[in-house]
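For reference, the structure discussed in these notes is given below.
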Amino acid sequence: MSVDWSSVYRSTFPDLVRYLYRKVWDADRARDLAQEAFARSIDRDPDDPRAWVFTVAANLARDEARTEIRRRRHLTLVKIDRETEPAPPDALRRLERQETAERARAALGRLSERDREALLLRDAGLSYGEIAERTGLAVGAIGTTLARARKRLVDAYEDEENDASRG
């Protein structure tokens, strides 16, 4: 039976973009990668189209990360120190949100690939069965894996906060 890709697209695209955003941390790039994942999947007839698209998207995000790492190795970063006037309250709130987001990204980066993948897939709305299929874990192990991964994420985030307050 042929896959109704338009239906899969409508039901999966928002979750896929959210998943990819947490992989690449750029909303526009996440949407582009989601589109590309569907474009590469359209000629396929998988048993579980949603899981297939997430697999393609994960591979695209991984390739993107590798490319970015190579690109950064060739760049020299220059830090420019500027004396500025005190920031207005709105700018301070924005800066605090940005720092919180950076700590969350760093904490997520401290997790093992399996923990990070399980959390991101669950956050993207995948069921335990879909997460199991994507990660190769047993369905019965998904709940435990997620609980442990959440605990590790909280611990890593607290470590990031402590490092920031000492720095």
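Could you please let me know if Ala51 is at pLDDT 90 or above, touching a Leu at 6+ places or on another chain (Cβ under 8 Å), outside any loop (DSSP other than H, G, I, E, B) and in the same structural domain as Ala30 (by TED's automatic domain parsing)? In short, yes.
Restricting attention to segment 100-121, the residues that are in a helix (DSSP H, G or I), over 14 Å from Ala58 (Cα atoms) and not small (Gly, Ala, Ser) add up to 7.
State whether one or more residues within segment 42-54 are under 12 Å from the mean Cα position of the chain (by Cα) and either in contact (Cβ under 8 Å) with a residue 24 or more places away in the chain or exposed (fewer than 12 other Cβ atoms within 10 Å of the Cβ) (or both). First the steps, then the outcome.
Initial filter on segment 42-54 (under 12 Å from the mean Cα position of the chain (by Cα)): 54.
Then drop every residue that is not either in contact (Cβ under 8 Å) with a residue 24 or more places away in the chain or exposed (fewer than 12 other Cβ atoms within 10 Å of the Cβ) (or both), which leaves 54.
For segment 42-54, residues under 12 Å from the mean Cα position of the chain (by Cα) and either in contact (Cβ under 8 Å) with a residue 24 or more places away in the chain or exposed (fewer than 12 other Cβ atoms within 10 Å of the Cβ) (or both): present.
Scanning segment 29-55 for residues that are over 14 Å from Asp15 (Cα atoms) and of a type in the set (Val, Ile, Thr) returns a single hit, Ile42. The set of residues from segment 151-167 being in a helix (DSSP H, G or I) and either polar (S, T, N, Q) or exposed (fewer than 12 other Cβ atoms within 10 Å of the Cβ) (or both) comprises Lys151, Val154, Asn162, Asp163, Ser165, Arg166.
Just one of the listed residues (Arg71, Arg82, Arg97, Arg93) is loosely packed, with under 10 Cβ neighbours inside 10 Å, part of a helix (DSSP H, G or I), modelled with pLDDT under 85 and of a type outside the set (A, V, I, L, M), namely Arg71.
Checking Ala104, Ala156, Ala118 one by one, the residue that is under 17 Å from Arg22 (Cβ atoms) and in contact with a Ser or Thr (Cβ under 7 Å, 6 or more places away or on another chain) is Ala118 and no other.
The set of residues from segment 124-142 being touching a helix residue (DSSP H, G or I) at 6+ places or on another chain (Cβ under 7 Å) and loosely packed, with under 14 Cβ neighbours inside 10 Å comprises Gly129, Ala138, Val139.
Based on this model, can you work out whether Ala156 counts as of a type in the set (A, V, I, L, M), in contact with a helix residue (DSSP H, G or I) (Cβ under 8 Å, 6 or more places away or on another chain) and closer than 15 Å to Thr100 by Cα? When the stated conditions are applied, Ala156 passes them.
The values are calculated or read from the model by the stated rules, or taken from the named source; none is laboratory data. In this text, all values refer to a predicted model and were calculated from it rather than measured experimentally. Cβ coordinates were reconstructed from backbone atoms using ideal geometry, including for glycine residues, and neighbour counts include every protein chain displayed.
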